[in-house]
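Scroll down for the structure; my scribbles are underneath it.
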Amino acid sequence: MIQIYIPLNFLGVIYREIRQNLTDLDKMFTLMDREQEVADAPCAQPLTDLHTPTVRFEDVHFAYDPARPVLQGVSFTIPAGKTVAVVGPSGAGKSTLSRLLYRFYDLQGGRITIAEQDIRTVTQDSLRRAIGIVPQDTVLFNDTVAYNIAYGRTGASQAEVEQAARAAHIHAFIAAQPKGYDTMVGERGLKLSGGEKQRVAIARTLLKNPPILIFDEATSALDSANERAIQAELASAAQNKTTLVIAHRLSTVVDAHEILVMEAGRIVERGTHAQLLAHGGHYARMWALQKNDGQNGL
Ligand code: ATP
């Protein structure tokens with residue numbers, strides 16, 4: 001009886017601890033589920049040659065559920081230090097690309113390489129240290145703003161945290177709070193707007209300073225001044241980094257080295273903004289539609 005009681009009690013403590021520390025339990029459990037999907041190969045080595053690496057997706061096939069393929073032979077290269085943007089309708093498989101690069105799941109076919117190393121052969125720890133994600137919805141911990149930013153690099157000094165916050169244009173907002181960087185955020189603290197949370201995520205990523213960046217643009221509409229400011233921050237963060245942008249607003253992608261248009265798990269068009277407009281296909285139609293809606297920054 002005692003033997004059963006102790007582990008259950010222990011689990012209870014962990015559960016309460018998680019409950020108290022996270023603003024979004026569901027998301028964390030989803031993350032934990034994903035973590036269990038993959039394991040380090042027995043002789044996994046840390047990623048090497050990470051100074052502005054090239055990222056390649058080679059004939060990638062993937063399904064969450066075997067009966068429903070999500071990616072069906074996706075190939076593209078993000079050359080070292082360049083930005084590739086992915087656009088397409090909801091459910092096309094765009095965010096799945098970022099989950100696979102972070103190796104939340106393993107592929108059913110093809111491979112993904114970073115600096116010519118198959119990500120299945122390297123340690124997950126080194127892989128995740130090499131990649132910074134600014135997700136659609138940032139999970140904030142029920143802790144101070146400083147903790148939430150420094151989470152990008154444990155051991156960062158207060159000066160480094162502030163420098164990252166300035167670069168992400170969130171410093172003035174934090175400094176205006178009575179407790180400054182010691183302000184508690186999350187469900188039991190200061191509630192941050194979607195844009196403010198995203199800036200904390202950008203500051204976190206800037207502090208982490210990884211060679212590879214993934215920006216999964218928020219679908220929720222930010223007001224246009226906020227959106228332009230965030231785009232400028234993202235563009236400056238992406239300089240000289242190998243960057244994948246999952247874009248919902250076409251104004252974000254105009255300067256990308258290559259734009260991939262995805263539909264139902266396949267790349268149906270690819271090229272620069274000018275090439276795709278000249279081609280007069282899906283992208284040109286999406287551009288015209290967003291222009292009419294005033295959503296592409298025109
Ligand atoms: P959006 O623009 O709405 O973010 P997306 O193009 O990023 O869409 P994905 O999130 O990559 O699309 O999803 C691709 C497909 O995979 C969708 O049909 C989605 O329902 C499905 N899917 C996504 N996540 C899961 C999951 N964890 N389990 C099962 N199916 C999933």
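Bear in mind that the values in this text are calculations on the coordinates, not laboratory data. Keep in mind that what you see is a predicted model, and the values were worked out from it rather than measured. Counting neighbours? That spans all protein chains shown, and the Cβs are built from the backbone with ideal geometry, glycine included.
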Quick one: if you stick a label point 7 Å off each Cα along the C-beta vector at ARG228 and ASP125, how many nm between them? 4.6
Expressed as a whole-number percentage, the relative contact order of segment 26-161 with C-alpha contacts under 8 angstrom and at least six residues apart is 30
Taking a ≥ b ≥ c as the square roots of the eigenvalues of the Cα gyration tensor, with a/c under 1.5 meaning rounded and otherwise prolate when a/b exceeds b/c and oblate if not, segment 96-172 is prolate
For THR205, THR144, THR272, THR154, what's the fewest-to-most ordering of other Cβ within 10 Å of each Cβ? THR154, THR272, THR144, THR205
Taking 0.36 nm per residue of sequence separation and subtracting the Cα-Cα distance, how much length would be gained by fully extending the chain between THR154 and GLU187, in nm to one decimal? 9.6 nm
If the only charges are +1 at each Lys and Arg Cβ and -1 at each Asp and Glu Cβ, what is the size of the charge dipole of segment 109-241 around the Cα centre, to the nearest 20 debye? 200
How many nm is it between the label spots at ALA288 and THR77, if each spot is 7 Å from the Cα in line with the beta carbon? 3.4
Residue list for segment 188-212, given a label point 7 angstrom along the Cα-to-Cβ vector of HIS51 and an amide N cut-off under 20 Å: 209-212
Yeah, segment 238-298 with a ≥ b ≥ c from its alpha-carbon gyration tensor (a/c under 1.5 is rounded, else prolate when a/b outruns b/c, oblate otherwise) is oblate
Rounded FRET efficiency, nearest 0.05, which uses the C-beta distance separating HIS279 from ALA44 and R0 of 45 Å: 0.60
Is the shape of segment 72-214 rounded, prolate or oblate, going by the alpha carbon gyration tensor and its root eigenvalues a ≥ b ≥ c, with a/c under 1.5 for rounded and a/b larger than b/c for prolate? prolate
